[in-house]
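Notes for the one structure printed next.
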Amino acid sequence: MNLQIAFGEDIIVPELAGWKKQRFPMEEPHNWISVVPDWVCEILSPNTAQVDRTEKMPIYSQHLVSYAWLIDPILKTLEIYKFEPGIWIGLGAYAESAKVRAEPFPEIELDLGLLWFD
């Protein structure tokens with residue numbers, strides 16, 4: 001099942017999304033979520049990278065998503081962005097088997113090496 005989220009008139013399906021517990025709607029009268037997430041993650045592919053970067057990221061910023069991650073399984077990279085008024089700020093880019101404490105989840109250490117198929 002795809003996670004459909006309403007961003008105004010747009011219904012978008014990110015690979016992953018997260019909400020602060022107090023903001024997540026417990027029930028919706030429709031099959032999509034009406035509350036903009038606090039964090040989204042897109043997994044880039046040759047077929048989706050352009051849309052993810054040039055269409056989805058501007059919509060996420062327009063609707064004030066706080067954090068966005070872009071994962072590229074071909075390049076084996078993770079890019080982390082935080083939205084500040086009017087602009088995405090790059091917080092870091094990590095590759096291969098880096099160990100990362102990435103916002104908005106600094107409590108958790110991610111081993112990127114576990115993400116990639118060799």
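A few points about this structure:
- Share of carbon and sulfur in the accessible heavy-atom surface of region 34-99 [1.4 Å probe, %]: 59
- Calculated Rg and Dmax of the Cα atoms in Å (choose from (i) 13.6, 43; (ii) 14.5, 43; (iii) 13.6, 39), label: (ii)
- The chain - accessible surface per residue (Å², probe 1.4 Å): 64
- By a 1.4 Å probe calculation restricted to protein chains, Phe83 has an accessible surface near 40 Å², given to the nearest 10.
- Anisotropy class assigned to region 1-61 is prolate, per the alpha carbon gyration tensor with a/c at or over the 1.5 cut-off and a/b larger than b/c.
- Restricting attention to the chain, lysine pairs at least eight places apart or on different chains and with alpha-carbon atoms under 24 angstrom apart total 8.
- The figure for Glu103 is an accessible area of roughly 70 square angstrom, using a 1.4 Å probe on the protein chains alone.
- Judged by the mean number of other Cβ atoms found within 10 Å, the most tightly packed of the peptides 68-80, 15-27 leads the ranking 68-80, 15-27.
The values are calculated or read from the model by the stated rules, or taken from the named source; none is laboratory data. The shown structure was predicted, so the numbers you read here are calculated from the model rather than taken from an experiment. As a convention, Cβ positions derive from the backbone with ideal geometry for all residues, glycine included, and neighbour counts pool all protein chains shown. Each accessible area value is taken on the protein alone, full model and side chains, heavy atoms only, with ligands, DNA and RNA left out. Shrake-Rupley method; radii C 1.70, N 1.55, O 1.52, S 1.80 Å.
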